[in-house]
Amino acid sequence: EVTGLVDRGSYLERVAGRADALVAAALWEEWGYSLFEALSRGVPVIAFDLYPYGETIDDSLGKRVPPRDASALARAIADARDGGLPSPERVLETARERFGPEAIAERLLDAYERARLTRASAVRVSAA
């Protein structure tokens, strides 16, 4: 039971501790905060195969189903009930490997290096 003012982190830990899965049946999601909040706490995700879920979820993090397919969504939820989702430990490990600070920093540094090399190449071409 949540009563009174509870800080965001405590609230999310309470919810995640009781959740077997996040079912994201939205046809449109701008940023996917709930997706990453669930994954960061080891909660597998069942979602329509749409942005941002389609680009993020695979079998190690949950299940994707065709958009607007209520029957497929129901089957995925039934599969989850029967143990058909990855374990919280696997979800948490995969999420940290892909989306943790070190992984993000590495991808960001790679992007900066590609931009630097592209710019350096463009400057040499224009100087020629």
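Brief remarks follow.
- Ranked by the mean number of other Cβ atoms within 10 Å of their residues, highest first, the peptides 61-69, 110-118 come out as 61-69, 110-118.
- Neighbourhood charge, 10 Å Cβ-Cβ cut-off, centred on ALA103 and excluding it, Lys, Arg +1 and Asp, Glu -1: 0
- Correct option for Cα extents along the principal axes in Å [calculated from the coordinates] among [x] 67, 37, 25; [y] 49, 32, 23; [z] 56, 31, 26: [x]
- Around the amide H of GLY62, modelled in the peptide plane, lie the amide H atoms of VAL45, all under 5 Å away and 5 or more residues distant in sequence or on another chain.
- Accessible area of the chain divided out per residue, in Å², using a probe of 1.4 angstrom: 69 Å²
- Under the simplified labelling scheme, the GLU13-ASP79 pair shows an inter-label distance of 3.3 nm, with each label point 7 Å from Cα along Cα→Cβ.
- Region 34-71 versus region 1-30: alpha-carbon centroid distance in Å: 15 Å
- Neighbourhood net charge (10 Å Cβ-Cβ; Lys/Arg +1, Asp/Glu -1) for PRO52: -3
- Per residue of the chain, the DSSP helices (runs of n ≥ 4 H) give a summed -39500 (n - 2.57) that works out to -18000 deg cm²/dmol at 222 nm.
- Surrounding net charge for ASP69, when Lys and Arg each add one and Asp and Glu each subtract one, Cβ distance under 13 Å: +3
- Whole-number percent relative contact order across region 37-122, with pairs defined as alpha carbons under 8 Å at least 6 apart: 30 percent
- Considering only LEU109, LEU22, LEU50, the mean-square fluctuation computed in a Gaussian network model of the chain, springs between alpha carbons under 10 angstrom, is largest for LEU109.
The values are calculated or read from the model by the stated rules, or taken from the named source; none is laboratory data. Just so we're clear, the structure is a prediction, and the values are computed from it rather than from any experiment. When we count neighbours, we look across all protein chains shown, and the Cβ atoms used for this are built from the backbone with ideal geometry, even at glycine. The protein model used for the area step is the full one, side chains on, heavy atoms only, and it has no ligands, DNA or RNA in it. Shrake-Rupley method; radii C 1.70, N 1.55, O 1.52, S 1.80 Å.
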